[in-house]
Structures are given as C-alpha cells and as structure tokens.
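The values are calculated or read from the model by the stated rules, or taken from the named source; none is laboratory data. Quick caveat, the model's predicted, so the values are computed rather than measured. Note: ideal-geometry Cβ built from the backbone for every residue, glycine included; neighbour counts use all protein chains shown. Note: accessible area is taken over every heavy atom of the protein model, side chains too, but ligands, DNA and RNA are not part of it. Shrake-Rupley method; radii C 1.70, N 1.55, O 1.52, S 1.80 Å.
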Amino acid sequence: MKKITYSLPFILLILAFTAIKPKPIKDVINESLNFSVKQYALMSKLLKEKKDSLPRSTEPNGRILLTSSRNWTSGFFPGGLWYLYEATGDNKIKEDAQLFTARVEKEKLVKTTHDLGFILNCSFGNGLRLTNQPEYAGIMLTGANSLITRFNPKIGLIKSWDNRKWPYPVIIDNMMNLEFLMWATRYTKDSTYFKAAVSHADNTMKNHYRPDFSCYHVVSYDTVNYGKVTIKQNHQGLADESAWSRGQSWGLYGYTMMYRETKYDRYLQQAKNIAKFLINHPNLPADKVPYWDYNVTSKDEPRDASAAAVMASALIELSRYVDKKTAKQYLQVAETQIRSLSSPAYLAELGANNNFLLKHSTGSKAHNSEVDVPLIYADYYYIEAMLRYKKLFNM
Ligand code: GLY
C-alpha cells in the first residue's frame, strides 16, 4: 500500500485550523449547564443556612447580597433551579427548587408591586410547568389576582411603582409581568387578564417607544385626566433620551412573548423593530454584550450581562416567528451572546463570584448601584436562553 505523507506546512495548517475552529455551540451550552448545576449546588447549600433569604447580587464589600421574598428578584434563583432540573432531570435539584420556591409564596397576596410576574411566574410558574403540582396553580392564581388589582381600566395600564415621585408610573420592565396574566388567561379561561395585558402592551407600544424603536424607562400618567401622559423619562438610564440597555431587552422579550400568547401581528412587528434597533446599534460591542446604556460614549463604561442574557433568550424565541434569513441573523447574535457569556470573560469560576454564574452585570449605573456585579436575573435568563437554544435545535 502506498504510504501517505503530509508536508509540514500542511500539518501546521490543519493544526492552526483546529485551534481556531470554535467549539460547537452544543458543547459550549452543555459545559455551561454542567457548571451551572455545580455552582448552584453551592448556592443552595449556602441558602439553606440563611432562613427566608434569596440571592440577588454582591454588596460593595464583596459579600453576597441576600434579600427577602419581597424583593423583585426573589423568584429568579428558584426559577433558575427549575430550569436546571428541566435540563438534567436531577431530583436533588428539584427538591432545592421546591424549597426555594416555597420561600416566595407569601408574595401572592402583595398588591403594592407590579413585580409579581417576576417573583411568582419564574418560580411557581416554572415549577407548575414541570411538575403540575395543583397547589402551585392555586398560589399562582392568587398572585395573578393580586397583580390585576394594579390595572386601572380608565388609564389602561398596570401601575408599576407605588409611593414614588410620579403619580402613575409605568416602567418598560412591566411588559415582563404580562406573561403571568397570560398564564392566568389560559388557566381560568377568563378574558379579564387577557384584556388587561393587551391594553397594557398596546399603551406601552404607543407611549414608551420612540420613532427609532428605542424606549423610555418610565412613562407616568395623569390620574385626573385619565390616561394622559405626563412624563417620559429614564430612571436607570444615562439620560432621558438614551436607550437604557436592560429596558430595551425587557421590551424585546415582552413583545415577543405577547406575540406568542396572542398571535397579534402588531406585537410581532414591534419585536422585530426593536430587534433591528438593537442588533444594528453602532454601540453594540462585537461580543454582543451591551454596555449598560446604548448611548454611552466611552468603551470603558460597564457592560450589562443581564441585558445580553434577556436579549439572547428573546431573540431565540423571536427567530421562530420570522423568515429564515431574519431568523439566522437573530440566532447568530444570540449564539454570540451565549458564547460570550459562557467564556471566562463573563462566566465565573466554580465557588467564586458568590456562587452566581455570570459576572459583569449592571443594576443601576445612574444611581451608582450594583455596577459591574453578578445579578441573579442575568443568571436566570442566561440559563433560559441556553435551554431555548437547545430545544430549538433539538440538541
Ligand atoms: N426591573 C428592574 C430592573 O430591571 O432593574
């Protein structure tokens, strides 16, 4: 048999090609999920010693920031555990998810915040979806009924915050809580929840968005001349006319979700327009992890990994509703985001980062609060994005 010989340059070429060839995304995701399981086992162990607490971030002194269930972020850790249970089928993770989900139950009766979707839908909602425990549905329904008390039919929107400087503030984040009302619609077959959610989404589309499809963070309404907009501004952004990054991601996710739930074309068009604004933004870095605001003027400004995670998850879902070419574009961005977040630049080492998964998120740079820190909601949407990607490609 003739012996095949390869020249040295050819071998070097093959070696170089192997070295630069990116790892298959399937491997990236599976390795990151395996890491997440181990990291969250450490977080669960710690939390079991801290009665009633749930993790949010890192304090300026470097210690973990824990909160009570009243905090808007309380549902994300149990929610992340439910996703990891979904990914692994590991009953130990399920037990932990149940334990920490129970810690947020009492929020079902709270009527002073719009964040019940974040708190209860991410925790009990995922638990219900995966286990069908009937008591979870009852808790969810009580929570959805608390949330809907915040809908003022004369204004046509859910009030986000109480006791602030605005008479009737509605923040873009509120779009995320509509998913909870859409669940209640399906569960009860009562259209009250649906009508409130659609009214909220329509009015937000009308009043929060600018002609370029960026949005304000806060819009406040007149409670005397019902429904009249009194102010449009950014609370957590760089300036009133800037595009606060996480707010843009909440909007993208919110309208994608509302299209899934209603099949109303106007929501699909809105989500596509928001995606176009974000994907083509000259300030979106090459790794696709946004700065904390799209209008920053320096490359030294902090990033917001949470904005990237929410955006990735939304783009993966949105890719299912658009033509092939657009879908490919969305998935390329989402894949880059997952790769970036899964790289050592953003993903923590085991046991480091106070046992959170991701580094480099920004809570509110405008208030010099939680800047360049881990944030539990970045973790949650990062895990969700990876699961959505796996599901989409049947990995
Ligand atoms: N929902 C509050 C925030 O995104 O910072």
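Could you please let me know if LEU157 is surrounded by 15 or more Cβ atoms within 10 Å (Cβ to Cβ) and within 15 Å of the ligand (Cβ to nearest atom)? Step through it out loud before you land on a result.
Details: surrounded by 15 or more Cβ atoms within 10 Å (Cβ to Cβ): yes; within 15 Å of the ligand (Cβ to nearest atom): no.
Against the criterion (surrounded by 15 or more Cβ atoms within 10 Å (Cβ to Cβ) and within 15 Å of the ligand (Cβ to nearest atom)), LEU157 does not qualify.
So which residues in the stretch 341-377 are touching a Phe, Trp or Tyr at 6+ places or on another chain (Cβ under 6 Å) and either not β-branched (Val, Ile, Thr) or not in a helix (DSSP H, G or I) (or both), if there are any at all?
From the stretch 341-377, those touching a Phe, Trp or Tyr at 6+ places or on another chain (Cβ under 6 Å) are 341, 358-360, 362, 365, 374, 376-377; that's our starting set.
Residues satisfying the conditions are LEU341, LEU358, LYS359, HIS360, THR362, LYS365, PRO374, TYR377.
If you check every pair at least six apart or on different chains, which have Cβ atoms under 9 Å apart with a residue in the stretch 320-337 that is assigned to a helix (DSSP H, G or I) first and a residue that is surrounded by fewer than 19 Cβ atoms within 10 Å (Cβ to Cβ) and among the acidic types (Asp, Glu) second?
From the stretch 320-337, the pairs are THR336/ASP287; GLN337/ASP287.
Which number in (1) in contact with a strand residue (DSSP E or B) (Cβ under 9 Å, 6 or more places away or on another chain); (2) surrounded by fewer than 24 Cβ atoms within 10 Å (Cβ to Cβ); (3) in contact (Cβ under 8 Å) with a residue 60 or more places away in the chain marks the one condition that HIS367 misses?
(1)
For the stretch 126-140, give me each residue that is under 21 Å from VAL310 (Cα atoms) and in contact with a helix residue (DSSP H, G or I) (Cβ under 6 Å, 6 or more places away or on another chain).
Here is the first cut: in the stretch 126-140, the residues under 21 Å from VAL310 (Cα atoms) are 126-127, 129.
If the condition is that a residue be under 21 Å from VAL310 (Cα atoms) and in contact with a helix residue (DSSP H, G or I) (Cβ under 6 Å, 6 or more places away or on another chain), then ASN126, GLY127 are the ones that fit.
Has the stretch 350-360 got at least one residue that is open to solvent by 10 Å² or more (accessible area, probe 1.4 Å), free of Cβ contacts under 8 Å to residues at least 40 places away in the same chain and within 12 Å of the ligand (Cβ to nearest atom)? Steps first, answer last, please.
Going residue by residue through the stretch 350-360, those that are open to solvent by 10 Å² or more (accessible area, probe 1.4 Å) are 350-355, 359-360.
Within this subset, residues satisfying the condition of being free of Cβ contacts under 8 Å to residues at least 40 places away in the same chain are 352.
Remaining after also requiring within 12 Å of the ligand (Cβ to nearest atom): none.
Checked the stretch 350-360: no residue is open to solvent by 10 Å² or more (accessible area, probe 1.4 Å), free of Cβ contacts under 8 Å to residues at least 40 places away in the same chain and within 12 Å of the ligand (Cβ to nearest atom).
I'm trying to understand the selection: among the residues of the stretch 166-187, which are more than 12 Å from the ligand (Cβ to nearest atom), open to solvent by less than 50 Å² (accessible area, probe 1.4 Å) and not charged (D, E, K, R)?
Within the stretch 166-187, TRP166, TYR168, PRO169, VAL170, LEU178, PHE180, LEU181, MET182, TRP183, ALA184, THR185 qualify.
For the stretch 281-304, how many residues are among the hydroxyl-bearing types (Ser, Thr, Tyr) and open to solvent by less than 40 Å² (accessible area, probe 1.4 Å)?
2
So that you can scan it fast, the table gives a plain yes or no per residue for (1) open to solvent by less than 40 Å² (accessible area, probe 1.4 Å); (2) of a type in the set (A, V, I, L, M, F, W, C):
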| residue | (1), (2) |
| --- | --- |
| ILE279 | yes, yes |
| SER306 | yes, no |
| ARG320 | no, no |
| ALA334 | yes, yes |
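Return only the number of the condition from (1) touching a Phe, Trp or Tyr at 6+ places or on another chain (Cβ under 7 Å); (2) aliphatic (A, V, I, L, M); (3) not in a helix (DSSP H, G or I) that MET258 does not satisfy.
Here MET258 clears every test but (3).
Hey, among GLY138, GLY127, GLY117, which residue is within 16 Å of the ligand (Cβ to nearest atom) and either of a type outside the set (Ser, Thr, Tyr) or outside any helix (DSSP H, G or I) (or both)? Before the answer, list the steps.
Values: GLY138 fails: within 16 Å of the ligand (Cβ to nearest atom); GLY127 fails: within 16 Å of the ligand (Cβ to nearest atom).
After ruling out the rest, the residue left standing is GLY117.
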